[in-house]
Amino acid sequence: MLIMFLLLLVGSVSFVIFYLMHRTIHFFVFQRGHPAVHRDFGTRPQKVMVILGSGGHTAEALCLLERMDPEKYDPVVFVLAETDTTSEAKVRATNRKSLTEIKLLKIPRSREVRQSWLSTAWTTFYAIIYAFPVVYREKPNMILCNGPGTCIPVCLVAWFFTVIGYHRSILTFVESICRVKSLSLSGKILYFIADIFFVQYEGLSKKYPRSVFLGRLV
């Protein structure tokens, strides 16, 4: 019985690993940034999840949101760190007409200022656990972020759901206007899985060939 159980366990684990590897390869080869993922855009309103963060990230994110057509991108859901009170105040003060109901969802902060990198691994994992039910329930068509640490767990969970075929969220990353010569840490991580990766300086687009440069966006 023990041998049968171990064989069944090894077979099950091997199947899961093989399936995830297959889906991951399929994503990078066929799905990431492919025009087919945009087929519903323009035909019906798209639910957008906007990731907020301190240090100017929220102001830039709201500026990007103001430039998006509210008839095409609605409803809008905001995700922020549970200790981020300034971003919540900025969202409630926004003038976007479509935000008749402001929905704010909070998850633990991935990394505090001056937090050690060793402990950051744990807090990020903790934030990922909390991000799972958020993305699972909301099922956003598009995730818009510009570099706050909170975007890492949310985007990784959304990417995981895409890989396993549960739900497809288009990951749209807009690098901060502050990043002139190199990407932010969040940008370096999400550069490989984002469907659309915008930079705001032409030099960065030459350095990172997957990126898109359309001039200043904020």
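So if I check each of 156, 171, which one is farther than 20 Å from residue 87 by Cα and in a helix (DSSP H, G or I)?
Going through 156, 171 in turn, the sole match is 156.
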TODO: For residue 88, indicate whether it is more than 24 Å from residue 216 (Cα to Cα), in a helix (DSSP H, G or I), modelled with pLDDT under 90 and touching a strand residue (DSSP E or B) at 6+ places or on another chain (Cβ under 8 Å).
DONE: yes
- [ ] Filter the range 151-179 down to residues that are over 9 Å from the mean Cα position of the chain (by Cα) and within 15 Å of residue 58 (Cα to Cα), then give me how many there are.
- [x] 5
- [ ] Give the range 144-176 a look and list any residue that's of a type in the set (S, T, N, Q) and either touching a Cys at 6+ places or on another chain (Cβ under 8 Å) or under 17 Å from residue 217 (Cβ atoms) (or both), or say none.
- [x] 146, 172, 176
Task: residue 163 vs. criteria at pLDDT 95 or above and within 28 Å of residue 45 (Cα to Cα) - done: no
Open item on the list: Contact list please: Cβ distance under 7 Å, first residue in the range 196-210 and free of Cβ contacts under 8 Å to residues at least 12 places away in the same chain, second residue surrounded by 19 or more Cβ atoms within 10 Å (Cβ to Cβ), pairs at least six apart or on different chains.
Closed with: 205/199; 205/211
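Does any residue of the range 109-125 turn out to be in contact (Cβ under 8 Å) with a residue 40 or more places away in the chain and either farther than 18 Å from residue 192 by Cα or touching a strand residue (DSSP E or B) at 6+ places or on another chain (Cβ under 9 Å) (or both)?
Taking the range 109-125 first, the residues in contact (Cβ under 8 Å) with a residue 40 or more places away in the chain are 109-110.
Checking which are either farther than 18 Å from residue 192 by Cα or touching a strand residue (DSSP E or B) at 6+ places or on another chain (Cβ under 9 Å) (or both) leaves us with 109-110.
Yes, the conditions are met somewhere in the range 109-125.
The values are calculated or read from the model by the stated rules, or taken from the named source; none is laboratory data. Everything quoted here is computed from the prediction, not taken from an experiment. FYI the Cβ positions are ideal-geometry reconstructions off the backbone, even for glycines, and counts take in every protein chain you see.
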